[in-house]
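Okay, structure first, notes after.
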Amino acid sequence: PGTMPLSRHTGQLPEANWTLGLREMTEPWKGALGCFGVAVFFAMTIGIISWQARRRGALLLRALPAGRTVAVIAVGSVPAAEPPPPRDHCWHDGGTFCYAWEEDAELRLSLEPAPAPGTECYGVRWTPLRPDVVLKDCFSMANISWYGGASVGAQRWPLNGAHSPAQPFVSGDLSKNPTGYGPVLERYFLGSTGVTVTVAPEVPLLLSLESDSHFCLETPAGRAAVPLRYRLCLSPDVATAQRHLSPPRRSPLWRYQGPASSAARLRRGLRSLARRLKRHRLQEGVLALGEHCTAVLAAVEDLPSERGKRQDPARASDPARAWDPALVDPLQVSLTLSPYTSISSPLFLRSLRDGTVESSWLSLQLRSGGCSVPLLTTWKGQLCARLNVTSEAALGWYLARARHLRQALGAAFVAFEGAEGNAFLEQDLQPPPELAGDSYTTALAVALATLGNATVISAGARSSHLPLWVRMSPLRADWSHAGLKGLIPSVLHCSLLGYNFFIPEAVGGSLASDSPGDPELYVRWLQIVTFLPVMAFSTPPWLCCDPWVVNLTRQCIRRHQDFVVPFLLKYSQEWLHLGHPIFRPAWWLSPTDPAAFTIEDEFLIGDEVLVAPITEKGQTWRDIYLPGEGLQWMDTSSARVFDGGTILRNYSATLAEVPVFVK
């Protein structure tokens, strides 16, 4: 609650005309719906929930008055038979009904506070009546496009095209587990029919995706009486359903990939990159240092927070050793840290010596003797311990170290990797209750938010309300959905879930592919990130492309600063006050047009800018959907004006062009 607009509680129940249970709605309703083979549970002013007993039991949610089906939920572990009458202990209040399939499961349906007029919300709670009953609700994708949920390796928009076996709904590192879920996820699903599904945060949850068929929510096997609980909300259309920080950073981000075997080589490499950027008139921005480079500079600084003693003034002033931010001026520097430390590091060894392992690092309680041992995991090829985010003492010294590092090295920004994942579940261990699911990611994000709005985190889970930047998953340097085609779906996914301020994948992609160094791919990628919150680079344009691409890069950076940033500032205020995403799908302005539900290669900035780039290799034209019947759109290049609610066929877009329209 609080992360998505539809989960904001008003505290009041809307007026609704309830028909109380099957006792008072037998023949009339059954006669009207008899051809569907359903038994009606209850009807409200907007929706009607019923049970279909054919082959496999299913809940049907229909919109009144026409009876349009907006969600079909196939139910596992419950017989496909008509339910018994509602149980007396909860049906009498007119707001809750209970149905029990003897020895299998109990279903409790309730009316819940709605976030806005014209929307109704229903609580759904399944409780197993036997330990071996696995609760599983599968939401059909037939004639419904679904959005939200989890990021995946080859991101799709909508989710219908994605596939994933049943696995814990926990953020993960896609480079380590390509078939798992990515770093940005929320227990929120949005259907094109105007229905939303929000799963309670305390429910242990597995999610599976079956391409173009359904997605399923289920509870883990082997746990006694763990309910499956979620909230269904029904609105008139998909845009209405979804509607219910700090300013973006304006500078491009240049990731340093040069030599870093020593502090001296690192300084020379950074100075060389800064000079090259200045020579090409690209000197404004941020040099982003990875975790290894950050560690090299931290070691040189002899930080008192790590050594426990004051820095030697003579040593600090030694130009051969000390880091001076003026070396890269006017560029700024970004550092990278993680919650991991090697078991051979002085930090970990000191915690062993001081007896603070359990309070400093995630630990396993041993059954015999009541003692604990650190939970070790692998991070970047090393055996490591992970910060204990449930310990105030551990978080205290960790944040103090980050602040000191930022100040000592003159860094403008600090990025934190390794926030995703559950170290216990990755080793098939039962996590403690306070670290269930994505609680680690959420707790770390809450702590890092105290460092200020120049902080970047590698994952987001129930933290979209915090003033943090979220870094997107790396993408392949190719044209597939794991590469360029996945960039816009990832943008829409993040923004839909409330993560509007993100660091996109670097221009050209950072993961190896079969065809590296493709100048056309670099240019088309550059054209997309021009319209995102940050322009990130890992390969400078002069290393991959002809000189005209360097000029194009300079033009794109200027366009980002002069044209895009003012819109981002404007719509960041709308997001703060109304919860509307900054980057919007085409259906935002055409919420009832089925053609808009599956468009994954266009996006809107607010309601005013439509970006329709090329994502197919070799193409210099494309079809463009202009949303919003009754609106008009002007091409920013030609000043030609077109009507909304239409499709422009074979619209020209040479390699140096990206179609952009303003309302």
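The values are calculated or read from the model by the stated rules, or taken from the named source; none is laboratory data. These numbers come from a predicted model, not from an experiment. Using ideal geometry, Cβ is built from the backbone for each residue, glycine included, and neighbour counts are taken over all protein chains shown. Accessible surface is based on the protein model in full, side chains and every heavy atom, while ligands, DNA and RNA are left aside. Shrake-Rupley method; radii C 1.70, N 1.55, O 1.52, S 1.80 Å.
With each label point set 7 Å from Cα along the Cα-Cβ vector, what nm distance links residue 175 and residue 551?
Distance between label points: 3.5 nm.
Express the carbon and sulfur contribution to the solvent-accessible surface of region 58-243 as a percent, rounded to the nearest whole number, probe 1.4 angstrom.
Carbon with sulfur: 53 percent of the solvent-accessible area.
How large is the accessible surface per residue of region 58-243, computed with a 1.4 Å probe and reported in Å² as a whole number?
33
Long-range amide H contacts for residue 255: which residues qualify at under 5 Å (H placed 1.01 Å from N, peptide plane, sequence gap of 5 or more or a different chain)?
288, 537, 538
Would you grab the residues whose amide H sits under 5 Å from the one on residue 415? Only those 5+ places off in sequence or on another chain, please, with H modelled 1.01 Å from N.
335, 336, 337, 456
Carbon and sulfur together cover what percent of the accessible area of region 429-485 at a 1.4 Å probe radius?
The value for region 429-485 is 63 percent carbon and sulfur by accessible area.
Calculate what fraction, in whole %, of the accessible area of region 562-635 sits on carbon and sulfur atoms when a 1.4 Å probe is rolled over the protein chains.
That fraction is 55 percent.
Can you tell me the accessible area per residue over region 558-663, all protein chains present, probe 1.4 angstrom, in square angstrom?
43
What figure, in Å² to the nearest 10, do you get for the accessible area of residue 577 with a 1.4 Å probe and non-protein molecules left out?
Number for this one is 140 Å².
Residues in region 387-424 near a label at residue 434, defined as backbone nitrogen under 12 Å from the 7 Å Cα→Cβ point?
Within reach of a label on residue 434, which here means backbone N under 12 Å from a point 7 Å along Cα→Cβ, region 387-424 contributes 388-395.
Pop out the ³J(HN,Hα) list for region 154-160 in order, Karplus 6.51 cos²θ - 1.76 cosθ + 1.60 with θ = phi - 60°, rounded to Hz; leave Gly and Pro as x.
10, 4, 10, 9, x, 5, 3
Residue 284 versus residue 632, label points 7 Å from Cα toward the beta carbon: distance in nm?
3.3
Just to verify a number: FRET efficiency for residue 202 and residue 130, C-beta to C-beta distance, R0 = 30 Å, to 0.05?
It comes out at approximately 0.90.
Rounded to the nearest 0.05, what FRET efficiency is calculated for residue 365 and residue 558 with R0 set to 51 Å and r the Cβ-Cβ distance?
So the FRET efficiency works out to roughly 0.35.
Quick one: length gained pulling residue 342 to residue 616 fully straight, 0.36 nm per residue minus the C-alpha distance?
Stretched fully, the residue 342-residue 616 segment lengthens by 94.3 nm.
Is the shape of region 58-243 best called rounded, prolate or oblate, per the rule: a/c under 1.5 gives rounded, else a/b larger than b/c gives prolate, else oblate, with a ≥ b ≥ c the square roots of the Cα gyration tensor eigenvalues?
oblate
Per residue of region 124-138, what does 6.51 cos²θ - 1.76 cosθ + 1.60 with θ = phi - 60° give for ³J(HN,Hα)? Whole Hz please, x for Gly and Pro, Karplus curve as stated.
Once θ is set to phi - 60°, the couplings for region 124-138 become 10, 9, 9, 10, x, 9, 9, x, 8, 7, 9, 7, 8, 10, 10 Hz.
Do any trypsin sites (Lys or Arg not before Pro) in region 327-393 lie in a loop, going by DSSP, with at most 15 other beta-carbon atoms within 10 Å of their beta carbon, and if so which?
367, 380
Could you order the peptides 484-496, 446-458 from most to least packed, using the average number of other C-beta atoms within 10 Å per residue?
Result, highest mean Cβ count within 10 Å first: 484-496, 446-458.
Show the residues, 5+ positions off or on another chain, whose built amide H is closer than 5 Å to the amide H of residue 372.
Amide H neighbours of residue 372: 366.
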